[in-house]
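Computed from the coordinates by the stated procedures, all read-outs in this text should not be read as laboratory data. Keep in mind that this is a model prediction, so the values were computed, not measured. All Cβ positions, even for glycine, are placed from backbone atoms using ideal geometry, and neighbour counts span all protein chains on display.
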Amino acid sequence: MRGMNKQKLRGKIGSDLLTVKENALGLIIISPDNKSFELVRNKNGRLGVLAIIGPSRAFGQDFQESLLAEIGIGSTRPYHEALGLNRQPDQSNVHRRGKYFHLTASQYRLVAPTIYDFIIQMSQETVARWKSPDFTLLVVTRRSWSHKHKTTFEKRSWQPISKGTRFSVSREDILLLRDIYWAELNLNPVIIHKLSGIARFIDKRTDFYTRYGHYKGKRPFEKMKVRNDIEESITDPKGDFPSYIKEEILKRLPRGRKTMFYKEIRVLFGLNGLSTPEQQLARQAIELGDPRQRLGGIQLVVTTGLDGINIRGKTKEINRAKDYIVLEVCPPLLEKNGREDLSTDFSGYPEEPAKFLNDIPF
């Protein structure tokens, strides 16, 4: 580390270790031979992180114990200074820790299932303490295109969405990021269902021009109603979809690149044809074997991603300086009380055309 000699560096590393050992809510301590580990819970801890400690080599030195990674719990961010949980009047902040070390692939494979089990358990424990229900009802709009009526139909309903709790991971912990993005795109049924539904809508909406030969190429795509319909289908009241989510929608198109207006849709989505960093990370997750073996049954959504955009707020908040991502872990809705069947159509909102038939500039 620049500006710090070896003696001061060892002192800082030792101070960071002592801080997390005394204050972290959870500790995973890997043995010196990297073959076993111990999970320690500290319910009275002041620092809301799961800290991973183990042997490492850095700066030309061997360390039997080093702070390999932190996962922030709740409002606590990994390695950041924290006010401290259960703070007493005479207590100071928990000081910032340095990011000097990283998990190796073998260390990560060893502890990954325990990391995600711990996250799931913490999420379940937090939700169980809430006085309000563990789900919220959202208004969901489903769009479908009718070739017969030549219009888009909208159907709105209440849908129960599991409430989640927040965790955060350093942008430098690549092995964690890989599995997180893979889990978001492959293990979250809400996201999978939503993206697949949008893809089916786009496919049928554009198929109208292929099936009936209405499009003669004279009217620019930008001025066609199909463009507006597609744009509305990806409009989220909580913010714009990030680029990698838009790419996933296109990947789910039944006709793929043969979809009518495929190139124009990519331009509409603001995609340049290159894989996004999130997609690259998700693909790399399989390099360590089947991610399901590490992730268990976790269901998550990334709310503040690599680009620093908060996609779950009322407005987009952009902060390029953030050195972490935030994810929301949602315990699956329990079957008791019939919550899995809570999706109910709005009374007074029958399935109707979104626009009048005579207002369709094809």
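Using the Kirkwood formula over every pair of different C-alpha atoms, what hydrodynamic radius in Å results for region 238-304? Could you put the intermediate results ahead of the total?
Details: mean 1/r = 0.0716 Å⁻¹.
The Cα-based Kirkwood calculation yields 14.0 Å.
Sorted by packing (mean other beta-carbon atoms within 10 Å per residue), highest first, where do 178-185, 108-115 land?
Ranking, from highest mean packing down: 178-185, 108-115.
Could you list which residues have their amide H under 5 Å from that of LEU68, counting only those 5 or more apart in sequence or on another chain, with H placed in the peptide plane?
Hits under the 5 Å cutoff: ILE52, ILE53, GLY54.
Taking θ as phi - 60°, what are the ³J(HN,Hα) couplings along region 295-306 by the Karplus curve (6.51, -1.76, 1.60), each to the nearest whole Hz, with x for Gly and Pro?
After applying 6.51 cos²θ - 1.76 cosθ + 1.60, I find 8, x, x, 5, 10, 9, 9, 7, 9, 10, x, 5 Hz.
Extent of region 1-71 along each principal axis, from alpha carbon coordinates, in Å, largest to smallest?
36, 28, 16
³J(HN,Hα) across region 220-227 via Karplus (A = 6.51, B = -1.76, C = 1.60, θ = phi - 60°), whole Hz, x for Gly/Pro?
x, 4, 4, 9, 8, 5, 4, 4
Mind listing the phi-derived Karplus ³J(HN,Hα) values for region 96-113, rounded to whole Hz, using 6.51, -1.76 and 1.60 with θ = phi - 60°, and x for any glycine or proline?
My calculation for region 96-113 gives 5, 9, x, 9, 9, 10, 9, 5, 7, 4, 5, 5, 5, 4, 5, 9, 3, x Hz in order.
Compute from the Cα atoms of region 1-119 the Rg and the Dmax, the latter being the longest Cα-Cα distance, and quote both in angstrom.
Calculated on Cα positions, Rg and Dmax stand at 14.2, 43 Å.
Students often get this wrong, so check it: of LYS204/LYS246; LYS21/LYS322; LYS204/LYS263; LYS8/LYS35, which have C-alpha atoms separated by over 21 Å?
Details: LYS204/LYS246 17 Å; LYS21/LYS322 26 Å; LYS204/LYS263 16 Å; LYS8/LYS35 30 Å.
Check vs 21 Å cut-off fails for LYS21/LYS322; LYS8/LYS35.
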